[in-house]
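*Asks:* Submitted below is the structure of interest, expressed as structure tokens.
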Amino acid sequence: MTKTRTQRSARRRSAWLALLASLTACLAVADLSAAPLNLCFEDVSQAPWTLPEGTGLNIELLKRVERLTGEQFHYIARPWKRCEEETRSGVMDGMIGPADNPRRRVFSVPPRKPDGGQDPDRALYHDQVTLFLRTGSGAGWDGKHLVNPRGIAVAQRGYYAVDMLQALGQKVIDTPKSAEEGLRLLAVGAADVAVLMGRRSEESLRNDPRFHGKIELARQPFALLDFHLMIGRKAFDKEPARFEAIWNAIATVRATPDYRRLEAAQVRQPVRD
């Protein structure tokens, strides 16, 4: 009798394990059949992070996340303001590489810690925002205090730097799409301060003779920021667990020795087309 009961119990456990395995397999298939995600990135070079043709460290990182999670991403180049607006409307599921800020929190979600703050451990990357000064203008930046007698600054369209400068009481010219356009405005005296994103801006200052003797780099960066895969609220609210898994995978990939070597090598390299 005891042996028979033991055999029945073993059969029930086997059946339960088989059912659990079947359910797990079904969930895996469901995950793999989930609709691909449309992710936009800026159509201006932000080397080494993204390039307009759809390459760069961020794209490489996310392709590794695809392989790890079974997800499928479509990478779509857009002007940055359009990328934001299409994420707001739900045309795009997310944006590759923005910094978290209150304006973007209205329509998108970064990876978050339990207290609601953005999670740097699950960011795509960390980088500095550079401040430039027109030579002889009397403008200055010591890392905390901005001196800008005319109160006019240049920043790229749609960037967090615009919000940050406005919070400092600056009138911001935000017509430039690229860092080079911002430097040109500074060189001709449209403003005495420019806050520009990307290593390309520093490369342009060093290599373009139009800027020599007219523009100098501030000793301190304007800000050190975390840059994320930010997900549109419409997409996140439908599948929060899906995006949490993607952000977790970003952290996992970034911690691998292979990706860390790749990032270190690319960040050290001079920016070239």
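*Asks:* For the range 108-127, enumerate the residues that are among the charged types (D, E, K, R) and touching a helix residue (DSSP H, G or I) at 6+ places or on another chain (Cβ under 7 Å). Even if it seems obvious, please write down each step before you answer.
*Replies:* Start the filter on the range 108-127 by keeping residues that are among the charged types (D, E, K, R), which leaves 112-113, 115, 119, 121-122, 127.
Scanning the range 108-127 gives Asp121, Arg122.
*Asks:* Let me ask something else. I need every pair where a residue in the range 246-258 that is within 21 Å of Asn38 (Cβ to Cβ) has its Cβ under 6 Å from the Cβ of a residue that is at pLDDT 95 or above and open to solvent by 30 Å² or more (accessible area, probe 1.4 Å), sequence separation at least 6 or different chains.
*Replies:* So the pair list comes out as Ala249/Leu68; Ala249/Thr69; Val253/Arg64.
*Asks:* What's the number of the condition His126 fails, among (1) more than 16 Å from the chain's Cα centre (by Cα); (2) within 26 Å of Asp93 (Cα to Cα); (3) in a strand (DSSP E or B)?
*Replies:* Only one criterion is unmet by His126, namely (1).
*Asks:* Out of the residues in the range 39-60 that are over 12 Å from Ala77 (Cα atoms) and small (Gly, Ala, Ser), which is modelled with the lowest pLDDT?
*Replies:* Here the residue is Ala47.
*Asks:* Give the range 36-57 a look and list any residue that's open to solvent by less than 20 Å² (accessible area, probe 1.4 Å) and either closer than 23 Å to Lys234 by Cα or β-branched (Val, Ile, Thr) (or both), or say none.
*Replies:* Matches in the range 36-57: Leu37, Leu39, Cys40, Phe41, Glu42, Thr50.
*Asks:* Does the range 246-254 contain any residue that is open to solvent by less than 80 Å² (accessible area, probe 1.4 Å), under 30 Å from Gly136 (Cα atoms) and either under 19 Å from the mean Cα position of the chain (by Cα) or of a type outside the set (Val, Ile, Thr) (or both)?
*Replies:* There is no residue in the range 246-254 that is open to solvent by less than 80 Å² (accessible area, probe 1.4 Å), under 30 Å from Gly136 (Cα atoms) and either under 19 Å from the mean Cα position of the chain (by Cα) or of a type outside the set (Val, Ile, Thr) (or both).
*Asks:* Tally up the residues in the range 108-123 that are open to solvent by 10 Å² or more (accessible area, probe 1.4 Å), assigned to a strand (DSSP E or B) and touching a residue at least 60 places away in the same chain (Cβ under 8 Å), please.
*Replies:* 1
*Asks:* While we're here: Any residue in the range 154-167 that is modelled with pLDDT of 95 or more, open to solvent by 60 Å² or more (accessible area, probe 1.4 Å) and over 23 Å from the mean Cα position of the chain (by Cα)?
*Replies:* no
*Asks:* Now for a different question. For the range 59-98, how many residues meet the condition of being within 20 Å of Thr252 (Cα to Cα) and either open to solvent by 40 Å² or more (accessible area, probe 1.4 Å) or in a helix (DSSP H, G or I) (or both)?
*Replies:* Adding up the residues that qualify gives 12.
The values are calculated or read from the model by the stated rules, or taken from the named source; none is laboratory data. Just so you know, these numbers come straight off a predicted model, no measurement behind them. In this analysis, Cβ positions are derived from the backbone assuming ideal geometry, glycine residues included, and neighbour counts consider all displayed protein chains. Calculation scope for accessible area: heavy atoms of the full protein, side chains included, ligands and nucleic acids excluded. Shrake-Rupley method; radii C 1.70, N 1.55, O 1.52, S 1.80 Å.
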